[in-house]
Structure formats: structure tokens, C-alpha cells
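Novice: Right, I'll just put the structure down here and ask away after.
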Amino acid sequence: MKIAALGAVLAAQFTLAQFKQTPLPYAYNALEGSIDAQTMEIHYSKHGAAYASNLNKAIAGTPQEKETIIKILSETSKLSPAVRNNAGGHYNHELFWTILTPEKNTQPSAKLAKAITETFGSMDAFKEKMSKAGADRFGSGWAWLSVDKNGKLFVSSTPNQDNPLMDIVEEKGTPILGIDVWEHAYYLKYQNKRADYLSAIWNVLNWKEVSKRYDDALSKK
Ligand SMILES: [Fe+2]
């Protein structure tokens, strides 16, 4: 290969987008019954893809090009709305795909189950609180289960693509479970019935992944 051609190949490699979607860990139709295939396909391949792509455009030529997504989220108050929206959008969706699964009846770890019962009274009370956080979110946003700086669980909700890792949110923490309540997450199947979507999502919740994220969050305290 001539030097110029080699240079072009190397340049192309180094100009590859920094943030990319990880492959969806199941088929678009794997969650049918709770989330339909068309919603999953549009959500992942259009909305999710756009957040990654637009984040790369928004940080092009800025110091954030060399930062991790966690670092970028921690300094959103100093960054543009485009970075805030797309960094949040990219992080939130990458988390969202992993906390869903076609595997039936996954269970929280004993440690997480105990913490949920101690914090919220019972698993049912927790689910109710989480669903209420999603249902009460006016417009678009997310409902979260997070770990705060003292290692305690808490439920919160954020508008748009904000999340508890951002320095601009009131309730800060490390999210371990996030439910997307944008209409693009449910409207094809559920139309205006957001509560039905919030109820069905527990059928495809990946408690193994949430438990792993809980352990990871505690280990960083
Ligand atoms: Fe979404």
C-alpha cells in the first residue's frame, strides 16, 4: 500500500465516531407482548442511533471528544443544549436496552431485593413508586432507580434526556434502572396508555442486569 493510501486509511480510523451504539442484545421482536418489534426497531435504529451520531457532531472539535460519557454528563451545566440532550440520550438508551430481556422471570439479587424492601417497604411498593414517577412525568422523560452517594436507593424522574448523573439535576446518583417514557418508546402499541406500558415493562425487566449495576454502583462508593 502506498504511503498516501495508508495515511487515508489511518485518518479514516482516527476520525471514526467516538460514541457508538452497542448491538442490541436481543432481536427487535424478542420483547413482543410487552414491547412490539416495530417500536423496538425504530427506537433502537433511528432514535438511539441519532443520539450517538448527534452527540459525536455536538462534541466535534471540543475537549469532550476525549472524555468519557460519565465525565460529559457530570459537567452538563457547562455544555451546550445539544451536548446535554444527546449525551443524555445516548447514555440513557444504552442503559435502557440492557435492562430489558426476553428471559422470563429474572430476579433481583438477594442484596438488591433486601435493599428495595428496606427502602420502599416491598417490591410491589417499589414498582408502584417507579410507575408513578413515569406516569407523572409531564411530556417526555425518564423514571429512574438510582444509588445515591451514601449507597441508598432512590426513585426519581427527569425531563427530556436528563439523568441522575448530570450535575444539573436535583437528585443525583448512579442510575441502575431507567424507564423511557417518551412516546416513541410505547405509542405504536399503547397509544396514550402510558400506564399500561409502565405496567407491562416489568414482564421484560432484566433484574440480573439491574443487580449487576447495583453492585457496580456500590463498589464505586
Ligand atoms: Fe427513547
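Novice: Can you spot a residue in the range 130-140 that is within 16 Å of the ligand (Cβ to nearest atom), touching a Leu at 6+ places or on another chain (Cβ under 8 Å), open to solvent by less than 40 Å² (accessible area, probe 1.4 Å) and in a loop (DSSP other than H, G, I, E, B)?
Specialist: Looking for residues that are within 16 Å of the ligand (Cβ to nearest atom), touching a Leu at 6+ places or on another chain (Cβ under 8 Å), open to solvent by less than 40 Å² (accessible area, probe 1.4 Å) and in a loop (DSSP other than H, G, I, E, B), one finds none in the range 130-140, hence no.
Novice: With the requirement that a residue be within 19 Å of the chain's Cα centre (by Cα) and not in a helix (DSSP H, G or I), what does the range 40-84 give you? Steps first, answer last, please.
Specialist: Looking only at the range 40-84, we keep the residues that are within 19 Å of the chain's Cα centre (by Cα), and these are 40-56, 67-76, 81-84.
Hits for the range 40-84 are E67, T68, E75.
Novice: Of the residues that make up the range 183-200, is at least one over 24 Å from P81 (Cα atoms), within 13 Å of the ligand (Cβ to nearest atom) and assigned to a loop (DSSP other than H, G, I, E, B)?
Specialist: Yes, the range 183-200 contains at least one residue that is over 24 Å from P81 (Cα atoms), within 13 Å of the ligand (Cβ to nearest atom) and assigned to a loop (DSSP other than H, G, I, E, B).
Novice: Could we say that T119 is more than 16 Å from the ligand (Cβ to nearest atom), open to solvent by less than 10 Å² (accessible area, probe 1.4 Å) and hydroxyl-bearing (S, T, Y) here? If you could, list the steps in order and put the result at the bottom.
Specialist: Working: more than 16 Å from the ligand (Cβ to nearest atom): yes; open to solvent by less than 10 Å² (accessible area, probe 1.4 Å): no; hydroxyl-bearing (S, T, Y): yes.
Judged against the criteria, T119 is not a match.
Novice: Further question: In the range 155-162, is there at least one residue being of a type in the set (D, E) and more than 16 Å from the ligand (Cβ to nearest atom)? Talk me through it step by step, then tell me what you get.
Specialist: Quick first cut of the range 155-162, residues of a type in the set (D, E) only: 162.
With more than 16 Å from the ligand (Cβ to nearest atom) added as a condition, the list becomes none.
No, every residue in the range 155-162 fails to be of a type in the set (D, E) and more than 16 Å from the ligand (Cβ to nearest atom).
Novice: Let me ask something else. If T174 satisfies all but one of (1) open to solvent by 20 Å² or more (accessible area, probe 1.4 Å); (2) farther than 26 Å from T106 by Cα; (3) among the β-branched types (V, I, T), what's the number of the condition it fails?
Specialist: (2)
Novice: Would you check which residues across the range 201-217 are assigned to a helix (DSSP H, G or I) and aliphatic (A, V, I, L, M) and list them? Can you show your working first?
Specialist: First pass over the range 201-217, keeping only residues assigned to a helix (DSSP H, G or I): 201-204, 207-217.
Selection gives I201, V204, V210, A217.
Novice: So which residues in the range 108-123 are closer than 21 Å to E209 by Cβ, free of Cβ contacts under 8 Å to residues at least 60 places away in the same chain and out of contact with any strand residue (DSSP E or B) (no Cβ under 7 Å at 6 or more places or on another chain), if there are any at all? Spell out how you get there, then give the answer.
Specialist: Within the range 108-123, the first condition is being closer than 21 Å to E209 by Cβ, and the residues that meet it are 108-117, 119-120, 123.
Retained after the next criterion (residues that are free of Cβ contacts under 8 Å to residues at least 60 places away in the same chain): 110, 113-114, 116-117, 119-120, 123.
If the condition is that a residue be closer than 21 Å to E209 by Cβ, free of Cβ contacts under 8 Å to residues at least 60 places away in the same chain and out of contact with any strand residue (DSSP E or B) (no Cβ under 7 Å at 6 or more places or on another chain), then A110, A113, K114, T117, F120, M123 are the ones that fit.
Novice: It is to be established whether one or more residues within the range 39-50 are among the hydrophobic types (A, V, I, L, M, F, W, C) and in contact (Cβ under 8 Å) with a residue 60 or more places away in the chain. Talk me through it step by step, then tell me what you get.
Specialist: As a first pass, look at the range 39-50 and keep what is among the hydrophobic types (A, V, I, L, M, F, W, C): 40, 42, 49-50.
If we keep only those that are in contact (Cβ under 8 Å) with a residue 60 or more places away in the chain too, we end up with 42.
So far as the range 39-50 goes, yes, one or more of its residues are among the hydrophobic types (A, V, I, L, M, F, W, C) and in contact (Cβ under 8 Å) with a residue 60 or more places away in the chain.
Novice: Now, a different point. Would you confirm whether or not the range 177-192 contains a residue that is surrounded by fewer than 21 Cβ atoms within 10 Å (Cβ to Cβ), of a type in the set (A, V, I, L, M) and farther than 25 Å from E75 by Cα?
Specialist: yes
Novice: Could I ask something else about it? What number of residues within the range 54-82 satisfy the criterion of being within 16 Å of the ligand (Cβ to nearest atom) and open to solvent by 50 Å² or more (accessible area, probe 1.4 Å)?
Specialist: 1
Novice: For the range 163-180, what are the residues that are assigned to a loop (DSSP other than H, G, I, E, B), more than 16 Å from the ligand (Cβ to nearest atom) and of a type outside the set (D, E, K, R)? If you could, list the steps in order and put the result at the bottom.
Specialist: If we filter the range 163-180 for residues that are assigned to a loop (DSSP other than H, G, I, E, B), which is where we start, we get 163-173.
Applying the additional criterion that residues be more than 16 Å from the ligand (Cβ to nearest atom) yields 164-173.
Across the range 163-180, the qualifying residues are P164, L165, M166, I168, V169, G173.
The values are calculated or read from the model by the stated rules, or taken from the named source; none is laboratory data. Small disclaimer: the values here were computed from a predicted structure and weren't measured. So basically every Cβ, Gly included, is an ideal-geometry build from the backbone, and we count neighbours across all protein chains shown. Each accessible area value is taken on the protein alone, full model and side chains, heavy atoms only, with ligands, DNA and RNA left out. Shrake-Rupley method; radii C 1.70, N 1.55, O 1.52, S 1.80 Å.
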